[in-house]
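> The structure's right below; bear with me while I get my questions together.
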Amino acid sequence: AKSSDIAAKIKKGEVGGLFNLKGVEKIREVQKQAVEDSRLGIPLLFGMDVIHGYETMFPIPLGLSCTWDMTAIEESARIAAVEASADGISWTFSPMVDISRDPRWGRIAESFGEDTYLTEQMAVAVVNGFQGDNLSNPQSMAACAKHFIGYGTVEGGRDYNSTHIPERQLRDVYLPPFEKAVKANCSSIMTSFNDNDGIPATGNKKLLKGILRKEWKFDGVVVSDWGSVTEMIK
């Protein structure tokens, strides 16, 4: 970021955040460019996939879910938040609360498994661990529940494939963990890579405006599936 054309874009105010830049010295260098060398001096936002630990490594999410120990799981996320925030990371793209019932799907290890209730509890524990009591605490990180919605049920287990989820199944199986995350004050929601019944998740009015915004009253950030562009969908 320092030696590429990104530095020039930062100085022009054309970069709002950076993804997966690790190390406090590196982050401080580019943050200094944003604050001191750009016209408006707006600080950058630094995000990273802090999935199961930052410096201290914990079991993968699927392994953590096998413990059914929500206290320990929340503590693992809290430790990760303390370590990552010390490096300047303020946003993590976790927890992944996709219900995963097809072992052919390649990202099942990042999920909490097949059980909706367990995934609900895990979502709350991880969000609380990352965000703590107050996001203004410098040792807290913004959490991001992903992928909204149905990414773990792609046809044939083929990543990025289509999904066809009946309304009752959507409501009973796939939506509840996200609703729990929203009620736990999760700061952001990431849309999924798949289409739902032919409609891309990133442009699904029913899901994003109807359910997320109107039904659940979510007023946080909706982030695209690549984590590079955010759009406040009102």
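The values are calculated or read from the model by the stated rules, or taken from the named source; none is laboratory data. Quick caveat, the model's predicted, so the values are computed rather than measured. Reconstructed Cβ throughout: ideal geometry from the backbone, glycine too, with neighbour counts over all protein chains shown. Each accessible area value is taken on the protein alone, full model and side chains, heavy atoms only, with ligands, DNA and RNA left out. Shrake-Rupley method; radii C 1.70, N 1.55, O 1.52, S 1.80 Å.
> Order Asp5, Asp98, Asp159, Asp87 by their accessible area, 1.4 angstrom probe, all chains in place, largest first.
If we order Asp5, Asp98, Asp159, Asp87 from most to least accessible, we get Asp5, Asp159, Asp87, Asp98.
> Could I ask something else about it? At 1.4 Å probe size, with no ligands or nucleic acids counted, give the accessible surface of Lys205 in Å², nearest ten.
Solvent-accessible area, nearest 10 Å²: 150 Å².
> Also, quick follow-up: Once region 124-234 is represented by equal point scatterers at the alpha-carbon sites, with solvent omitted, what log10 I(q)/I(0) does the Debye formula produce at q = 0.17, 0.21, 0.24 Å⁻¹?
The computed values of log10 I(q)/I(0) come out as -0.80, -1.16, -1.42.
> In addition: For Ala86 and Asp49, compute 0.36 nm times the residue count separating them, minus their Cα-Cα distance, and round to one decimal in nm.
Difference between extended and current length: 11.8 nm.
> Hey, another quick one. Using just the Cα positions, wrap region 15-100 in a convex hull and report its mean projected area in square nanometres, one decimal place.
Taking a quarter of the hull surface, the average projection is 6.4 nm².
> Running a GNM on the chain with Cα contacts under 10 Å, which residue among Ile73, Ile165, Ile99 ends up with the highest mean-square fluctuation?
With Cα springs under 10 Å in the chain, the top fluctuation among Ile73, Ile165, Ile99 is at Ile165.
> Now a separate question. Over region 76-234, what is the relative contact order in percent, taking alpha-carbon pairs closer than 8 angstrom and at least six residues apart?
So the answer I get is 23 percent.
> Would you please give the residues with an amide H less than 5 Å from that of Phe148, counting only those at least 5 places away or on a separate chain, with H modeled from the backbone geometry?
For Phe148, whose amide H was placed from the backbone, the distant partners under 5 Å are Met190, Thr191, Ser192.
> Compute a Gaussian network model of the chain, connecting alpha carbons closer than 10 Å, and tell me which residue from His164, His52, His147 fluctuates the most.
His164
> What three numbers, in Å, describe the spread of the alpha carbons of the chain along their principal axes, ordered from the longest?
Here the Cα extents, ordered largest to smallest, are 53, 38, 32 Å.
> So what are the ³J(HN,Hα) numbers for region 19-36, from phi and the Karplus equation (6.51, -1.76, 1.60; θ = phi - 60°), rounded to whole Hz, Gly and Pro as x?
Here the 3J(HN,Hα) series is 10, 6, 8, 10, x, 4, 5, 5, 5, 4, 4, 6, 5, 4, 4, 5, 7, 9 Hz.
> Just to verify a number: what accessible area does Glu114 come out at with the full protein assembly present, 1.4 Å probe, Å² rounded to tens?
My reading of the accessible area for Glu114 is about 120 Å².
> Another question, then. Less than 19 Å apart at the alpha-carbon level, and either on another chain or at least 8 residues along: which aspartates and glutamates does that give for Lys32?
In chain and number order, the partners are Asp5, Glu14, Asp87.
> Give, rounded to the nearest 20 debye, the magnitude of the charge dipole that the chain has about its Cα centre when Lys and Arg contribute +1 at Cβ and Asp and Glu contribute -1 at Cβ.
I would put it at about 780 debye.
> Separate question: For the pair Ile199 and Ile6, how long in nm is the line joining their label points, each one 7 Å along Cα→Cβ?
Taking the simple label geometry, Ile199 and Ile6 are separated by 3.5 nm.
> Please give every one of the aspartates and glutamates within straight-line cross-link reach of Lys180, meaning a C-alpha to C-alpha distance under 16 Å, and leave out same-chain neighbours fewer than 8 residues apart.
Glu74, Asp98, Asp115, Glu120, Asp172, Glu215, Asp219
> Which entries of Lys22/Lys217; Lys22/Lys209; Lys146/Lys206; Lys22/Lys146; Lys146/Lys217 show an alpha-carbon separation above 24 angstrom in the structure shown?
Those over the limit are Lys22/Lys217; Lys22/Lys209.
> Could you check the simple spin-label distance between Lys214 and Leu135, using points 7 Å along Cα→Cβ, in nm with one decimal?
The modelled label-to-label distance comes out at 2.5 nm.
> Largest first, how would Ser162, Ser111 line up by accessible area (1.4 Å probe)?
Most to least solvent-accessible, the answer reads Ser162, Ser111.
> Mind listing the phi-derived Karplus ³J(HN,Hα) values for region 151-164, rounded to whole Hz, using 6.51, -1.76 and 1.60 with θ = phi - 60°, and x for any glycine or proline?
In residue order, the calculated couplings are 4, x, 10, 4, 4, x, x, 7, 4, 6, 7, 7, 10, 9 Hz.
> Here is a follow-up. Can you list the HN-Hα couplings for region 130-141, worked out from phi with the Karplus curve (6.51, -1.76, 1.60; θ = phi - 60°), rounded to whole Hz and with x for Gly and Pro?
Residue by residue, region 130-141 yields 5, 8, x, 7, 7, 5, 6, 5, x, 9, 9, 10 Hz.
> In degrees between 0 and 90, to the nearest 10, how far off the longest principal axis of the chain does helix 70-86 point, with axes built from Cα atoms?
So the helix axis and the longest Cα principal axis differ by about 20 degrees.
> Right, something else. For a quick protection proxy, order the peptides 186-193, 127-134, 31-38, 89-96 by their average other-Cβ count within 10 Å, most packed first.
89-96, 186-193, 127-134, 31-38
> Apply 1/(1 + (r/R0)^6) to the Cβ-Cβ distance of Arg158 and Lys206, taking R0 = 25 Å, and write down the FRET efficiency to the nearest 0.05.
0.55
> Related question: Quick one: length gained pulling Asn185 to Val35 fully straight, 0.36 nm per residue minus the C-alpha distance?
51.1 nm
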